[in-house]
Amino acid sequence: MVYLQSSKFSGALVLDNMFPKKVRAAVGITLNLALALLCLLAGYIFLHEKLQVFLALPIPALSVPFARVIGAVLLLSGIRLVFFALESFYRAQTYDYSGDSTSELILPRLTYPATDVWYTAAGSVLGMEHITIHELANALAYSETGKNTLLRLGISPADYIAGIAHAGTADRRPNESALVRLSSFAGGKQSSTQQISISDILLFLFETDERVHSFLLGRQIRKEDLLGTGQWIEHARAREDRKKRWWIRENLGRIQGIGKNWSYGYTVFLQQFVQPLHRAAAQHELIGKAREIELLEAALRKTNGANVMIIGEPGIGKRTVLEGLADLIAEGKVFPDLEHKQVLELSVGQVLGAGKTKGETEALLLRILGEASAAQNIIFAIDDFPEFVESLEHLGIAPGTLFDPYLENSRLHIVALGTVTSFRRILEQEKGLVSEFTQIELMEPALPELIAIIRDLVPLVEQSLHHRVIITYPALAAIADGVEHYLLSGGGAPERAVNLLQEVAQESVSQQHAFCTRETVLEYVQKKTHIP
């Protein structure tokens with residue numbers, strides 16, 4: 001009973017054991033359909049017998065008493081409310097997958113995925129303090145979290161159970177308490193009160209269970225693979241769970257308003273010098289730009305001076321970030337501040353060519369900017385912005401004086417794109433103009449970031465191949481390493497990694513392999529680069 005009071009996940013684990021999520025979902029859908037049909041039946045009986053609406057039509061009266069139908073509706077409603085309450089309880093217990101990092105005890109510090117494995121080993125919350133290391137190791141093959149973890153390592157649960165049964169037979173402590181050993185193992189971390197994740201459980205078993213240690217070494221599974229796989233499992237499960245909670249603030253905040261676009265002005269003259277910017281980037285190209293897109297969205301939501309400079313070398317994805325935001329706006333997935341905004345790219349060459357003199361060009365730009373500002377729903381994208389500023393200066397137009405009135409308010413957003421060199425060379429003297437922009441500099445991701453980028457694309461790749469292959473974490477690590485050392489030239493590491501991921505996954509399918517592994521990637525990279 002002590003553990004029941006100290007674990008915030010215990011109630012959810014008990015409920016999930018009694019009524020698994022799939023069962024609760026199936027029952028909920030069945031009850032909803034039954035209630036809908038009964039309500040339609042009750043409405044028909046009421047209209048036919050009480051109000052006599054359908055008497056003129058050749059529709060037979062039903063022999064079912066109205067009171068019985070209403071009773072059935074009330075009964076099913078009560079049952080549905082019970083299941084709704086159970087699901088609400090489960091959601092409340094698992095709102096945060098993190099463990100209690102403030103506790104000095106071990107079990108409360110386990111994250112939800114780690115607790116799932118531990119609970120499976122015990123069979124009940126009352127026995128969680130008494131499981132052995134071997135029981136915890138075996139539970140990897142039977143818990144939902146453990147199965148997913150093994151598959152992402154390239155190991156089937158059946159192979160794992162058979163493998164550890166024949167490995168490490170000299171283990172002299174098969175019945176040692178997992179809780180006691182984990183206490184000393186966790187004490188070696190930087191803080192003895194950190195939460196304990198599924199990665200920690202994997203590393204713990206690797207270090208303490210000789211069967212697991214021998215089996216994983218035989219499969220060439222490294223500690224880095226265990227750590228990365230555990231982080232992947234925790235991240236993916238928490239992310240998917242947050243998406244399903246449509247009622248939380250971060251999801252409700254992205255629901256579009258109704259009729260908001262009716263309040264914006266027309267831009268008849270402006271349309272001659274712009275082109276819409278959206279749906280141009282392929283979905284896979286947006287992978288790896290999520291952070292930059294979020295930064296762009298946050299900068300454009302500022303009350304004043306909501307303008308952005310996106311800086312980066314050619315091919316790194318400056319336009320892709322802007323196109324990603326345009327896609328979110330088109331899909332209604334942005335915050336209300338940016339709803340119904342139009343992302344328009346200004347045709348700089350057309351503007352400069354339309355004006356024959358300095359005065360005509362300046363008047364043309366003022367009319368364009370004024371109309372866009374009056375519409376209040378325009379996001380101006382100006383490619384090669386430093387060169388545009390330089391061209392204006394050559395005409396004798398002061399860029400700061402021209403843009404300042406429009407940069408200081410939020411009725412018009414300007415997103416400037418350019419390379420690092422051009423910004424430094426041309427805009428160094430325009431400090432007043434530059435100060436009105438929030439700068440977002442795009443950099444090539446480091447190896448861990450590149451792995452994190454492509455791992456989020458894995459479900460889409462597997463789905464596109466009809467789940468005929470499982471992509472493992474060691475394969476992702478090999479892909480990132482291959483891009484960094486052999487296939488990286490001219491920038492664009494995320495795109496190159498995504499392309500390589502899709503190619504090696506297809507290669508695994510063509511060879512009828514169940515898993516896309518490190519060896520698959522290495523063989524493919526060697527074939528593609530001709531480097532041993």
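The values are calculated or read from the model by the stated rules, or taken from the named source; none is laboratory data. Since the structure is predicted, the reported quantities are computational estimates derived from the model, not experimental observations. Please note: Cβ atoms are built from the backbone with ideal geometry, for glycine as well, and neighbour counts cover all protein chains shown. Just so you know, the surface numbers come from the protein's heavy atoms only, side chains and all, with ligands and any DNA or RNA stripped out. Shrake-Rupley method; radii C 1.70, N 1.55, O 1.52, S 1.80 Å.
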_Can you show me the helix-derived [θ] at 222 nm for the chain, built from DSSP H runs with n ≥ 4 at -39,500 (n - 2.57) apiece and divided by the number of residues, rounded to the nearest 500._
-17000 deg cm²/dmol
*Under 13 Å from the Cβ of residue 383, count the other residues' Cβ atoms, weight Lys and Arg +1, Asp and Glu -1, and hand me the total.*
-2
*Among 505, 31, 117 - extreme Cα towards positive end, dipole of the chain, charges at beta-carbon*: 31
_D (Stokes-Einstein, µm²/s), Kirkwood Cα radius, the stretch 305-345, 1.002 mPa s at 20 °C_ = 188
*asked:* Less than 14 Å Cβ to Cβ from residue 149, Lys/Arg counted +1 and Asp/Glu -1: what total charge do the surrounding residues give?
replied: -1
_What is the sum of charges, Lys and Arg at +1 and Asp and Glu at -1, for the other residues whose Cβ falls under 15 Å from the Cβ of residue 462?_
-1
*For the chain, the Rg and Dmax computed from alpha carbons only, in angstrom*: 30.2, 91
*Taking the Cα atoms of the stretch 203-242, report the difference between the largest and smallest coordinate on each principal axis, in whole Å and largest first.*
37, 17, 12
*Take each uninterrupted DSSP H stretch in the chain, measure its Cα extent along the helix axis, and return the ones at 30 Å or beyond whose mean Kyte-Doolittle hydropathy is at least 0.0.*
21-45, 66-93
*Can you run the Rg to Rh ratio on the stretch 451-532? Use alpha carbon positions and the Kirkwood inverse-distance Rh.*
0.94
*Would you work out which of 451, 439, 467 lies farthest towards the positive end of the dipole of the stretch 429-468, given +1 charges on the beta-carbon of Lys and Arg and -1 on that of Asp and Glu, about the Cα centre?*
467
*Which of the residue pairs 22/318; 318/431; 147/289 have a Cα-Cα distance greater than 32 Å in the structure shown?*
22/318
*residue 517 accessible area, nearest 10 Å², 1.4 Å probe?*
30
*State in Å² the accessible area per residue of the chain; use a 1.4 Å probe, count heavy atoms of protein chains only, and round to the nearest integer.*
50
*Between residue 22 and residue 514, what length comes free when the chain is fully extended (0.36 nm per residue of separation minus the Cα-Cα distance, one decimal in nm)?*
174.6 nm
*Among 310, 352, 478 - extreme Cα towards positive end, dipole of the chain, charges at beta-carbon*: 478
*Taking H placed 1.01 Å from N in the peptide plane, check which residues at least 5 places from residue 308 or on another chain put their amide H under 5 Å from its amide H.*
414, 415, 416, 438
*How much of the accessible area of the chain, in percent, comes from carbon and sulfur atoms when a 1.4 Å probe is used?*
57
*What residues have an amide H closer than 5 Å to that of residue 194, excluding those fewer than 5 places away on the same chain, when H is modeled at 1.01 Å from N in the peptide plane?*
none
_For the full complex of protein chains and a 1.4 angstrom probe, list 10, 88 by accessible area with the highest value first._
88, 10
*asked:* Can you give the log10 of the normalised intensity I(q)/I(0) at q = 0.13, 0.14, 0.17, 0.30 Å⁻¹, computed with Debye over equal Cα scatterers of the stretch 349-399?
replied: -0.32, -0.37, -0.54, -1.25
*For the peptides 388-399, 464-475, what is the packing order when you average, over each peptide's residues, the other Cβ atoms within 10 Å and list the highest mean first?*
464-475, 388-399
_Over the stretch 412-500: Rg over Rh, Cα atoms, Kirkwood Rh_ = 1.16
*Cβ charges +1 (Lys, Arg) and -1 (Asp, Glu), total dipole of the chain, debye*: 1680
*Compute the distance in nm between two label points, each set 7 Å from the Cα along the Cα-to-Cβ direction, one at residue 32 and one at residue 347.*
4.8
*the stretch 426-532: GluC sites (Glu not before Pro) in DSSP loop, at most 14 other beta carbons within 10 Å*: 428
*asked:* Using a 1.4 Å probe on the protein heavy atoms only, what accessible surface does residue 84 show? Give it in Å² to the nearest 10.
replied: 120
*Search the structure for amide H atoms under 5 Å from the amide H of residue 345, placed 1.01 Å from N in the peptide plane, and list their residues when 5 or more places away or on another chain.*
275, 277, 381
*Can you give the convex hull volume per residue for the Cα atoms of the stretch 360-487, as a whole number of Å³?*
173
_Reference-scaled alpha-carbon Rg (2.2 N^0.38 Å with N residues) for the stretch 12-158_ = 1.65
*May I ask you to give the average projected area over all directions of the convex hull of the Cα atoms of the stretch 305-381, in nm² rounded to one decimal?*
6.4
*asked:* What figure, in Å² to the nearest 10, do you get for the accessible area of residue 119 with a 1.4 Å probe and non-protein molecules left out?
replied: 20
